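Novice: Please see the structure below; I have some questions.
The values are calculated or read from the model by the stated rules, or taken from the named source; none is laboratory data. The model shown is predicted, which means the values in this text are computed figures rather than measured ones. Note that each Cβ is placed from the backbone with ideal geometry, even for glycine, and that neighbours are counted across all protein chains shown.
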Amino acid sequence: MNSHSVNMLRAGRLHHLLPALLIVFVIALSLSPVAVYAAPVHQDERQSAAQQSIAEKQLAEGVRLFEAERWNEALSTLNSAHTLFTATADTEQSALALLYIGRVKIELGDLAGAQAAITESAAQLKESENLAQVTAAAVALGDLYFAQAAYDDARTMYQDAISSV
């Protein structure tokens, strides 16, 4: 990243574009092929599938509320989605919900809470093979460092995100 780009980041000009990058990665994730097969379904599996479906809807709604800058509603909805994804042992989606929780907390000024959520999300996502989400976590950490005025750390995270694409 050249000095002009760093100055633009410090001036906040590119900071507003970073959530759009995260959204692009989430969309790319949703377009990933999924294997579907028929198998007998038991009561526990139906309940788990219902929880998963509710969690997915809540995550989508939480993202919509985030994009609409309705921070408190987004936080509540994303927390609910995270809880359900955790109950269904969907670590990757749980980590994505945590990532958005961290982003909302940045907007609400809860930088300590944001750091806890984003750090946990990044740790969970490193275990996944989903490059888009790992990159999104690096961008979110960059945003957090930027909000903390830790510009060198922010630049490092943004460079990590760019180099991982």
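Novice: In the range 58-91, how many residues are closer than 18 Å to Q133 by Cα and in a loop (DSSP other than H, G, I, E, B)?
Specialist: 2
Novice: Let me ask another. (1) surrounded by 15 or more Cβ atoms within 10 Å (Cβ to Cβ); (2) under 30 Å from Q47 (Cβ atoms); (3) under 15 Å from the mean Cα position of the chain (by Cα): which one isn't true of G142, the others all being true?
Specialist: (2)
Novice: Hey, does the range 92-107 have a residue that's at pLDDT below 95, outside any helix (DSSP H, G or I) and surrounded by fewer than 24 Cβ atoms within 10 Å (Cβ to Cβ)?
Specialist: Checked the range 92-107: no residue is at pLDDT below 95, outside any helix (DSSP H, G or I) and surrounded by fewer than 24 Cβ atoms within 10 Å (Cβ to Cβ).
Novice: Related question: Please work out which residue is surrounded by the fewest Cβ atoms within 10 Å (Cβ to Cβ), limiting yourself to the range 69-83 and to residues that are polar (S, T, N, Q) and closer than 18 Å to A49 by Cα.
Specialist: T83
Novice: Moving on. Quick check on this structure: which one of A116, A136, A122 is in a helix (DSSP H, G or I) and surrounded by 23 or more Cβ atoms within 10 Å (Cβ to Cβ)?
Specialist: A136
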